[in-house]
Amino acid sequence: MAITKIYIVYYSLHGHVETMAREVLRGANSVPDVEATLWQIPETLPEKILQKVQAAPRPDDVPEIQGEQLGEADGFMFGFPSRFGVMASQVMTFFDNTNDLWTKQALAGKPAGIFWSTGFHGGGQELTALTAVTKLAHHGMIFVPLGYTFGKGMYEMGEVKGGSPYGSGTYAADGSREPTELEIQQANYHGKYFAGIAKKLKKRSPV
């Protein structure tokens, strides 16, 4: 059977999205005939600013990706933190650099999912996700939302939990809060769920 290649492309300043991305990776790779890999979006902030905001070290085991490399994959999961209710500027810059792919509509018909982190409830848990869909739409990608497929975990009221029907998410608070076990479970499930959809779409004959 042909392998379905999924790129998990993320940007993480303080490590919260990276933690989620690695769990999404585990979930996706648990699906037979799926090969998921991690990629980092290039940093745009100068080192002086990164030191000032106490950015986490970037991992050595995850390569940086350039926009044109997206054409190599069958599907994508994009992860990012929220900034003022929308995706971080580093991620916007990355998408801005995919103009050649957009011109050719090279990504049209390929599935894409999203996951994220925000500081608190009103920090963009849904707005960040909703506005991110515009990037996928312009490329003609097929947005694959999480829906309520995570079951009772979607209705958890006894603890704070990020995420929404748009995808999995976490809260970072002032940066000190780490993804909880439930958020980790949701990210893992999200990766597995998305990989299953991507695999089915690859099996379909071209129109």
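Those residues that are in a helix (DSSP H, G or I), acidic (Asp, Glu) and either touching a Gly at 6+ places or on another chain (Cβ under 9 Å) or open to solvent by less than 70 Å² (accessible area, probe 1.4 Å) (or both), I need them from the stretch 177-193; list them, please. Write out each step before concluding.
Going residue by residue through the stretch 177-193, those that are in a helix (DSSP H, G or I) are 181-193.
From the residues that got through so far, the ones that are acidic (Asp, Glu) too are 181, 183.
Answer for the stretch 177-193, where residues must be in a helix (DSSP H, G or I), acidic (Asp, Glu) and either touching a Gly at 6+ places or on another chain (Cβ under 9 Å) or open to solvent by less than 70 Å² (accessible area, probe 1.4 Å) (or both): just 183.
Kindly indicate the residue of the stretch 120-154 that is open to solvent by less than 20 Å² (accessible area, probe 1.4 Å) and among the polar types (S, T, N, Q) and also modelled with the lowest pLDDT among those meeting that condition.
Ranking the candidates gives 125 first.
Among (1) closer than 23 Å to residue 92 by Cβ; (2) surrounded by 14 or more Cβ atoms within 10 Å (Cβ to Cβ), which single condition is residue 28 missing?
Result: residue 28 fails condition (1) only.
Before we move on, is residue 108 at pLDDT 95 or above, open to solvent by 40 Å² or more (accessible area, probe 1.4 Å) and outside any helix (DSSP H, G or I)? Steps first, please.
Numbers: at pLDDT 95 or above: yes; open to solvent by 40 Å² or more (accessible area, probe 1.4 Å): yes; outside any helix (DSSP H, G or I): yes.
Taking the combined requirement at face value, the residue satisfies it.
Identify all residues within the stretch 87-100 that are open to solvent by less than 40 Å² (accessible area, probe 1.4 Å), in contact with a helix residue (DSSP H, G or I) (Cβ under 9 Å, 6 or more places away or on another chain) and outside any loop (DSSP other than H, G, I, E, B); write none if there are none.
87, 91, 94, 95 - these are the residues of the stretch 87-100 that are open to solvent by less than 40 Å² (accessible area, probe 1.4 Å), in contact with a helix residue (DSSP H, G or I) (Cβ under 9 Å, 6 or more places away or on another chain) and outside any loop (DSSP other than H, G, I, E, B).
If I go through the stretch 40-68 residue by residue, how many of them are open to solvent by 40 Å² or more (accessible area, probe 1.4 Å) and either part of a loop (DSSP other than H, G, I, E, B) or not β-branched (Val, Ile, Thr) (or both)? Before you say what the answer is, go through the steps one by one.
At the first step, the residues of the stretch 40-68 found to be open to solvent by 40 Å² or more (accessible area, probe 1.4 Å) are 43-49, 51-54, 57-58, 60-61, 63-64, 66, 68.
Imposing the further condition that a residue be either part of a loop (DSSP other than H, G, I, E, B) or not β-branched (Val, Ile, Thr) (or both) reduces the set to 43-48, 51-54, 57-58, 60-61, 63-64, 66, 68.
Qualifying residue count, the stretch 40-68: 18.
Taking the stretch 69-86 as the region of interest, how many residues are in contact with a helix residue (DSSP H, G or I) (Cβ under 7 Å, 6 or more places away or on another chain), open to solvent by 10 Å² or more (accessible area, probe 1.4 Å) and hydrophobic (A, V, I, L, M, F, W, C)?
1
Taking the stretch 194-207 on its own, how many of its residues are charged (D, E, K, R) and either crowded, with 22+ Cβ neighbours inside 10 Å or touching a helix residue (DSSP H, G or I) at 6+ places or on another chain (Cβ under 7 Å) (or both)?
Residues of the stretch 194-207 that are charged (D, E, K, R), as a first pass: 199-200, 202-204.
From what's left, either crowded, with 22+ Cβ neighbours inside 10 Å or touching a helix residue (DSSP H, G or I) at 6+ places or on another chain (Cβ under 7 Å) (or both): 199.
The number of residues fulfilling the criteria is 1.
Tell me, which residue of the stretch 167-182 that is farther than 19 Å from residue 149 by Cβ and among the small types (Gly, Ala, Ser) is modelled with the lowest pLDDT?
If we take residues in the stretch 167-182 being farther than 19 Å from residue 149 by Cβ and among the small types (Gly, Ala, Ser), then 175 is modelled with the lowest pLDDT.
Which residues, taken from the stretch 155-169, are over 13 Å from residue 120 (Cα atoms) and either open to solvent by 30 Å² or more (accessible area, probe 1.4 Å) or without any contact (Cβ under 8 Å) to a residue 24 or more places away in the chain (or both)? Break it down stepwise before answering.
Filtering the stretch 155-169 for residues over 13 Å from residue 120 (Cα atoms) gives 155-159, 164-168.
Scanning the stretch 155-169 gives 155, 156, 157, 158, 159, 165, 166.
The values are calculated or read from the model by the stated rules, or taken from the named source; none is laboratory data. Bear in mind the structure is a predicted one, so any value in this text is a computation, not a measurement. Don't worry about glycine lacking a Cβ; one is built from the backbone with ideal geometry, like all the others, and counts go over all protein chains shown. Remember, those area values only see protein heavy atoms, side chains included, never the ligands or the DNA or RNA. Shrake-Rupley method; radii C 1.70, N 1.55, O 1.52, S 1.80 Å.
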